[in-house]
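Enquirer: Dropping a structure here in structure tokens format, bear with me for questions.
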Amino acid sequence: MRAELISRNYAETLLALAERNGGDAAVEQFGVAMQNVAGLLQNDPRVRQFMETPRVTLEQRKAALTAALRGRVPELVLRFIMVVVEKRRGPLLAEIGEQYQALVDERMGRVRVSVTLSHAPDAALMDEIRAGLEARMGRAVIPTFSVDPEILGGIVLRRGDDVLDGSVRTRATRLRRAMMAADLPPLAAPAAV
């Protein structure tokens, strides 16, 4: 919980910095930059280990990050990241990026939803799902689609900690449990004709 609060505070600071230095365009641009940094930290274990190991000095971390990010992220974002690293909060950069995106989404009146289907959706289905979610939630929805054949069919929606599971697999499991819990008489043998 403490790490989440610290990350939220840093994200709020970055959002205020973006608003003062370019408005909505900078807010979105800073968000993309932080998503890229967060993705790098989450997807590459070597980068994460580099940021967390005590064998790497603060100056080495700063030099490596500057070399990797200069020209790829706005200068203010790079300076922000350097401050985060100097304060020994580098391992929180991915969480700061997530918190920043949540703040931007809240500010823009939109919500992100993870959508899991049993098969790859075509463009028409993705548009239909997005439109249905927007109608139900009353605001803009940014869906992220993934495929999991194990759900057999249907759809699973995740928004933060909330999950709406309408998969065939879950429905079948519920039906099986209900049938086992019910005190049903054994099936009778068919009558001879």
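Enquirer: If residue 135 passes every condition in (1) touching a residue at least 12 places away in the same chain (Cβ under 8 Å); (2) out of contact with any Phe, Trp or Tyr (no Cβ under 8 Å at 6 or more places or on another chain) but one, which one does it miss?
Expert: Residue 135 satisfies every listed condition except (1).
Enquirer: Got a number for residues in region 123-172 being surrounded by 12 or more Cβ atoms within 10 Å (Cβ to Cβ), in a loop (DSSP other than H, G, I, E, B) and of a type in the set (Asp, Glu)?
Expert: 1
Enquirer: So which residues in region 62-81 are open to solvent by 40 Å² or more (accessible area, probe 1.4 Å), outside any helix (DSSP H, G or I) and on the phi < 0 side of the Ramachandran plot, if there are any at all?
Expert: Matches in region 62-81: 70, 72.
Enquirer: While we're on this one: Give all pairs with beta carbons closer than 9 Å in which a residue from region 95-122 that is over 18 Å from residue 2 (Cα atoms) and in a strand (DSSP E or B) meets a residue that is at pLDDT 90 or above and among the aromatic types (Phe, Trp, Tyr); count only pairs at least 6 apart in sequence or on separate chains.
Expert: 114/145; 115/145; 116/145; 117/145
Enquirer: Here's something else I'd like to know. Would you please name the residue that is most open to solvent (accessible area, probe 1.4 Å), looking only at residues in region 1-17 that are aliphatic (A, V, I, L, M), touching a residue at least 40 places away in the same chain (Cβ under 8 Å) and farther than 16 Å from residue 88 by Cα?
Expert: Residue satisfying both the conditions and the ranking: 17.
Enquirer: Of the residues 19, 28, 59, 12, which single one is acidic (Asp, Glu), part of a helix (DSSP H, G or I) and farther than 30 Å from residue 108 by Cα?
Expert: Among 19, 28, 59, 12, only 59 is acidic (Asp, Glu), part of a helix (DSSP H, G or I) and farther than 30 Å from residue 108 by Cα.
Enquirer: So residue 77 clears everything in (1) touching a residue at least 24 places away in the same chain (Cβ under 8 Å); (2) under 23 Å from residue 30 (Cβ atoms); (3) under 20 Å from the mean Cα position of the chain (by Cα) except one condition, right? Which one?
Expert: The one condition residue 77 does not meet is (3).
Enquirer: Run down 35, 42 and say which single residue is over 16 Å from residue 15 (Cα atoms), open to solvent by 70 Å² or more (accessible area, probe 1.4 Å) and part of a helix (DSSP H, G or I).
Expert: The conditions single out 42.
The values are calculated or read from the model by the stated rules, or taken from the named source; none is laboratory data. Everything numeric in this text was worked out from a predicted model, so none of it was measured. Virtual Cβ from ideal backbone geometry, glycine too; neighbours counted across all protein chains shown. These accessible areas exclude ligands, DNA and RNA; they are computed on the full protein's heavy atoms, side chains included. Shrake-Rupley method; radii C 1.70, N 1.55, O 1.52, S 1.80 Å.
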